[in-house]
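Chemist: Quick one: the structure is below, questions incoming.
The values are calculated or read from the model by the stated rules, or taken from the named source; none is laboratory data. Computed from a prediction, not measured in an experiment: that's the story for all the values here. Using ideal geometry, Cβ is built from the backbone for each residue, glycine included, and neighbour counts are taken over all protein chains shown.
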Amino acid sequence: MHEAEKPPHADRAGYVDTLIVGAGLSGIGVACHLRRDRPRHSYTILEGRGDLGGTWDLFRYPGVRSDSDLHTLGYAFKPWTGEKVIASGQAIQDYIRETAGQHGVLPHIRFGHKVIRADWSGAEGLWTVEARRTDGEHVLHTCRFLVVSTGYYDYDAGHLPDFPGQDRFKGTFLHPQHWPRDFDHTGRRVVVIGSGATGVTLVPALADRARHVTLLQRSPSYVLPVASKDALADAMRRLLGDRLAHRLTRRKNIAAQTFVYRLSRRHPRIVKKLLRTLQRRLLPQGYDIGTHFGPRYEPWDQRLCVVPDGDLFKAISSGRASVVTDRIAAFAEEGIQLASGALLEADTVVTATGLNLLAFGGMRLEVDGTPVSLPDTRVYKGCMLSGVPNLAFTVGYINASWTLKVDLVCAYLCRLLNRMDATGRWTCVPHHDGGDAGTRPLMDFAAGYVQRSIDAFPRQGDAGPWRMNMSYKEDVRELRHGRIEDGVLRFGNPTERTATPEPMSSADPTGPTEP
């Protein structure tokens, strides 16, 4: 691009072509795609925390791990070669760091920069982004395109119900989101409140050294034992090499995830029977599976919890852990008084009671001086917002590995930018024709953590580009192969300039080559 043809103020300090908010699995993925497919494209990542990894840097509780395989949770372009495919949080963070290092992303990250607002100027064709540093100073950045990769969790606080008599308890309260690094649970009687993914992860991890661990749940979840290692993937890697084996294993696992989800929705009785059969093999004879592992809802109304190598069931069978399905009446000095009348003694109570959602990391958006009300926007192709120019966001799948969706969004973003360069357009904005008929929540999911906060998020439609697909196959068709200029996405240039911008990338304008 010639100097005279840059948009006004593009030379100011802090300007980049694309600004990425968040240095987690998604944000690093966006940066790597830009690096690979648009090598002349400038970018910066603003990260509020002091290290990369996002979720995998935040959660430090014992046993923290993935709940899907790393061949699909990992990047399409970066083979997973770890020993376990259900990997620890530390292994996942190391993988993200290694990927960022190999693609030259690390120097582009600004840690300790929490984005608090972003203002779009249609006249300039620029976003001005305000971030608060850890030292309290506020700094401004400008960019042509803004990508929000903050996930949807509130990293500052988890969900904590108000338990009756909680202040009477003389033991230790812990929340998994704020686990003390030096906490020693050896010999303690631990009660973990909650039946979700965090709870079923914590129980076997704590049971190794605790006196006893009890999972206290108001109602059960579906829990699926899975292998922590993939023997077929290991064999293919030895025969075919890392890259080809990763590609084939990824396809195999995508097909398996899709099959399980569709079977659960279409034939829930078959899935429930299969789960019970697998659980019965790992639990003591006569164990009351119906009470403790028989939910009132259907499979995949909420996310299935996975336990690698059946570790939760093995901990129960060994006697080191147990499950109590009951309601909390009140806390007592020595533990928890249950609605059934029983007293559950405890030295330590872990409140694995869920997370809070936070849309776009809590940042405020304005377009030409008008605040953006996220619930009044509609999602476009699962990655942009109606009426908001030059902005993309990355939210992964609920019913499959998160990164499968993120990889497709990144590829679409590169295709879009290449097309805009090739046709001399600087701005793009999805245009919604108005009306609320047929809209649904962004995540149409029954889980409590979703239902508590989903009204603060954008909404989706029932069809076309306004639907938030939860199907990898449909997203491949729409994001990887669909038309960029579909009549819904409107293109233009800033009003303060008349020159046609020169492409900022030497990449092929037809789009990146998929790995």
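Chemist: Being surrounded by fewer than 21 Cβ atoms within 10 Å (Cβ to Cβ) and small (G, A, S): is that true of G48 here?
Modeler: No: the conditions fail for G48.
Chemist: Out of (1) surrounded by fewer than 22 Cβ atoms within 10 Å (Cβ to Cβ); (2) touching a strand residue (DSSP E or B) at 6+ places or on another chain (Cβ under 8 Å); (3) farther than 30 Å from L216 by Cα, what's the single condition that is false for L357?
Modeler: It fails just one condition, (3).
Chemist: Which of (1) modelled with pLDDT of 90 or more; (2) surrounded by 15 or more Cβ atoms within 10 Å (Cβ to Cβ); (3) of a type in the set (S, T, N, Q) does S453 not meet, given it meets every other one?
Modeler: It fails just one condition, (1).
Chemist: Yes or no: region 105-116 includes at least one residue that is touching a residue at least 24 places away in the same chain (Cβ under 8 Å), assigned to a loop (DSSP other than H, G, I, E, B), closer than 27 Å to W426 by Cα and in contact with a Ser or Thr (Cβ under 7 Å, 6 or more places away or on another chain).
Modeler: There is no residue in region 105-116 that is touching a residue at least 24 places away in the same chain (Cβ under 8 Å), assigned to a loop (DSSP other than H, G, I, E, B), closer than 27 Å to W426 by Cα and in contact with a Ser or Thr (Cβ under 7 Å, 6 or more places away or on another chain).
Chemist: Residue check, S195 against (1) crowded, with 20+ Cβ neighbours inside 10 Å; (2) in a helix (DSSP H, G or I); (3) out of contact with any His (no Cβ under 7 Å at 6 or more places or on another chain), all met but one. Which one?
Modeler: Against the list (1) crowded, with 20+ Cβ neighbours inside 10 Å; (2) in a helix (DSSP H, G or I); (3) out of contact with any His (no Cβ under 7 Å at 6 or more places or on another chain), S195 comes up short only on (2).
Chemist: Next up: Which of the residues spanning region 373-390 are of a type in the set (A, V, I, L, M) and surrounded by 21 or more Cβ atoms within 10 Å (Cβ to Cβ)?
Modeler: Answer for region 373-390, where residues must be of a type in the set (A, V, I, L, M) and surrounded by 21 or more Cβ atoms within 10 Å (Cβ to Cβ): V379, M384, L385, V388.
Chemist: Would you confirm, using the coordinates I've provided, whether I270 is in contact with a Leu (Cβ under 7 Å, 6 or more places away or on another chain), within 25 Å of D444 (Cβ to Cβ) and free of Cβ contacts under 8 Å to residues at least 24 places away in the same chain?
Modeler: Here the answer is yes, as I270 does meet what is asked.
Chemist: Continuing with this model, one more query. Within the set of pairs 6 or more residues apart or between chains, which connect a residue that is of a type in the set (K, R) inside region 82-102 to a residue that is at pLDDT 95 or above and not in a helix (DSSP H, G or I) with Cβ atoms less than 7 Å apart?
Modeler: Final answer for the pair search is K84/S228; K84/K229; R97/L52.
Chemist: Can you give me the number of residues within region 69-81 that are surrounded by fewer than 21 Cβ atoms within 10 Å (Cβ to Cβ) and farther than 16 Å from G101 by Cβ?
Modeler: 0
Chemist: Any idea which of G151, G136, G187 is crowded, with 20+ Cβ neighbours inside 10 Å, at positive phi and not in a strand (DSSP E or B)?
Modeler: Just one listed residue meets the conditions, G151.
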